[in-house]
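Trainee: There's a structure below that I have some questions on.
The values are calculated or read from the model by the stated rules, or taken from the named source; none is laboratory data. The structure displayed is predicted, hence computed values, not measured ones. When we count neighbours, we look across all protein chains shown, and the Cβ atoms used for this are built from the backbone with ideal geometry, even at glycine.
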Amino acid sequence: MSSLMRKAVLPDKDLPQKWYNIVADLKNAPQPMYHPATGQPATPEQMSVLFPNEILKQEMSSERWIEIPDEVQDILKLWRPSPLQRAVALEKALDTPAEIYYKWEGVSPAGSHKPNTAIPQAYYNKKEGTKRIATETGAGQWGSSLALAGSLFGIEVKVYMVRISYDQKPYRRMLMETWGGKVVASPSNETKAGREALAKNPSHLGSLGLAISEAVEDAAGREDTKYALGSVLNHVCLHQTIIGLETQKQLAMFDVEADVVIGCHGGGSNFAGLAFPFVGANMTQGKKVRCIAVEPSSCPSLTRGTYAFDYGDTAGLTPIMKMYTLGHDFVPPGIHAGGLRYHGASPLVSQLLHEGLIEARSVNQIPSFEAAVQFARTEGFLPAPESSHAIRAAIDEALEAKKLGKKRVIVFNLSGHGHFDLTSYEKFLKGELQDYPLPDADLKASLGGLPKL
């Protein structure tokens, strides 16, 4: 019988009790967010229309460690700590000297990493008396996670789901509704932003930026409602660092250290959750771990975007943030990785990239699905299309190690399962998927409306 260690599972007592805030270790302080109406730095009082006070404190905090409330830890222990697994069969198939490890976040009730922030966000809203939360969702992983959290804390959840994903992923919508969430396709006729988009294009595929506009408009218009975001913002990245903190402990159980850490990138929370603790160790302990954010070539904010101040949504209702952006008017093609169809990027991820502390690359849809199928046929788990981008990069890194004849320890975040994405896999297996190369002219056109501060 093989004695090779396949997975590391931490006991409940080793669940991290604090989140790591990378802001504390940055050489340069993050840029402030600006209010969309005044063009001045947004104040906590202005932001409190959308967010509970404790979330705002975390958003603006520079403390290195922030306590995870006991009530939040108790719920997280339903599935956390999540396993770190070694992809032994994939290594063998690739005939590589590299060791490949994946953090398996698909074990959560919602099937992805998103409950890591949905639970604390719902908790803080409940503590401050919020009755209803409005949000957006792309592939549906965030919407289903917040619907789960809402059901656990007795909060009504309204989800504006990007139209193309609403059509592609009906079972993800049904999951949200099972947990009590109310789901509409975005753009919808329920908001001014949605009606204006439909008036211009009745067949609008939707985008995360537009769905955010609808959710923000909804929340700002009701006293009983707050807004919750599943990615991009500092507090969301903070909550997700539980992934990387666990991974560091689990790599020690394997008696290895990471050379390369990889996460798929849409808004940035999945990548940040795994990578930020490793970037922090690079900055404070002299480690030299390469951290790579992998995005779709059809929505390449990090690799082809502009580092500038921009709105986080299409209608210009959100605070203005310094980030890599394709322009808030950019509408990405209808790729099947719906969670990665966002025009911008986390300000913190953007700053790390701008300062040369992380790397970014883009991959096309078909090579990503090829990697996902190879992973499924060797390791058994069916990845979400978003996660397949990280798998593609991990395989490429392993093949590069083979070419160089060097051992390399590669760690990636398998951010969710693909059980609700079988229509996408069906299209891939039938040869019906396509890639979407973006001409430079299309990208430049969407940058014409950047806000002037």
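Trainee: In the set PRO32, PRO41, which member is closer than 19 Å to ILE320 by Cα, touching a Phe, Trp or Tyr at 6+ places or on another chain (Cβ under 7 Å) and not acidic (Asp, Glu)?
Mentor: PRO41
Trainee: What pairs come out if I take residues in region 335-348 that are in contact (Cβ under 8 Å) with a residue 60 or more places away in the chain and assigned to a helix (DSSP H, G or I) and pair them with residues that are hydroxyl-bearing (Ser, Thr, Tyr) and surrounded by 24 or more Cβ atoms within 10 Å (Cβ to Cβ) whose C-beta lies under 6 Å away, six or more apart or interchain?
Mentor: From residues that are in contact (Cβ under 8 Å) with a residue 60 or more places away in the chain and assigned to a helix (DSSP H, G or I), the pairs are GLY338/SER165.
Trainee: So SER231 clears everything in (1) small (Gly, Ala, Ser); (2) part of a loop (DSSP other than H, G, I, E, B); (3) under 30 Å from GLY448 (Cβ atoms); (4) modelled with pLDDT of 95 or more except one condition, right? Which one?
Mentor: (4)
Trainee: Within region 287-315, take every residue that is of a type in the set (Asp, Glu) and part of a strand (DSSP E or B) and give me the one that is surrounded by the most Cβ atoms within 10 Å (Cβ to Cβ).
Mentor: ASP310
Trainee: Let me ask you something else. For region 387-420, what are the residues that are under 16 Å from GLY106 (Cα atoms), modelled with pLDDT of 95 or more and touching a helix residue (DSSP H, G or I) at 6+ places or on another chain (Cβ under 6 Å)?
Mentor: SER388, HIS389, ILE391, PHE412, ASN413, LEU414, SER415, GLY416, HIS417
Trainee: Now, a different point. Give the residue that is surrounded by the fewest Cβ atoms within 10 Å (Cβ to Cβ), with candidates limited to residues of region 381-432 that are of a type in the set (Val, Ile, Thr) and in a strand (DSSP E or B).
Mentor: Ranking the candidates gives VAL409 first.
Trainee: Out of LYS226, LYS169, which single residue is closer than 19 Å to ALA134 by Cα, in contact with a strand residue (DSSP E or B) (Cβ under 9 Å, 6 or more places away or on another chain) and surrounded by 18 or more Cβ atoms within 10 Å (Cβ to Cβ)?
Mentor: Sole residue among the options that is closer than 19 Å to ALA134 by Cα, in contact with a strand residue (DSSP E or B) (Cβ under 9 Å, 6 or more places away or on another chain) and surrounded by 18 or more Cβ atoms within 10 Å (Cβ to Cβ): LYS226.
Trainee: For region 267-308, give me the residue count where each residue is among the small types (Gly, Ala, Ser), touching a strand residue (DSSP E or B) at 6+ places or on another chain (Cβ under 6 Å) and within 24 Å of GLN141 (Cα to Cα).
Mentor: The total comes to 4.
Trainee: Can you pull out every residue in region 393-410 that is within 20 Å of ALA275 (Cβ to Cβ), over 17 Å from the mean Cα position of the chain (by Cα) and of a type outside the set (Asp, Glu)?
Mentor: Selection gives ALA394, ILE395, ALA398, ALA401, ARG408, VAL409, ILE410.
Trainee: Would you mention how many residues in region 234-261 are part of a loop (DSSP other than H, G, I, E, B), touching a residue at least 60 places away in the same chain (Cβ under 8 Å) and of a type outside the set (Ser, Thr, Tyr)?
Mentor: 4
Trainee: Give the residues of region 72-102 that are within 24 Å of SER145 (Cβ to Cβ), loosely packed, with under 14 Cβ neighbours inside 10 Å and in contact (Cβ under 8 Å) with a residue 24 or more places away in the chain, sorted by residue number.
Mentor: Of everything in region 72-102, those that are within 24 Å of SER145 (Cβ to Cβ), loosely packed, with under 14 Cβ neighbours inside 10 Å and in contact (Cβ under 8 Å) with a residue 24 or more places away in the chain turn out to be LYS77, LEU78.
Trainee: Among LEU414, LEU433, LEU447, which is over 22 Å from the mean Cα position of the chain (by Cα) and within 20 Å of ARG172 (Cβ to Cβ)?
Mentor: After applying the criteria, what remains is LEU433.
Trainee: Still on this structure, I have one more. Outside any loop (DSSP other than H, G, I, E, B) and more than 25 Å from GLU91 (Cα to Cα): which single residue out of THR318, THR284 fits that description?
Mentor: THR284
Trainee: Can you tell me which of (1) more than 22 Å from HIS336 (Cα to Cα); (2) assigned by TED's automatic domain parsing to the domain that holds MET60; (3) in a helix (DSSP H, G or I) is the one ARG222 doesn't meet?
Mentor: Unmet condition: (3).
Trainee: Using the structure shown, decide if VAL49 is touching a helix residue (DSSP H, G or I) at 6+ places or on another chain (Cβ under 9 Å) and either in a loop (DSSP other than H, G, I, E, B) or surrounded by fewer than 18 Cβ atoms within 10 Å (Cβ to Cβ) (or both).
Mentor: Yes, satisfied.
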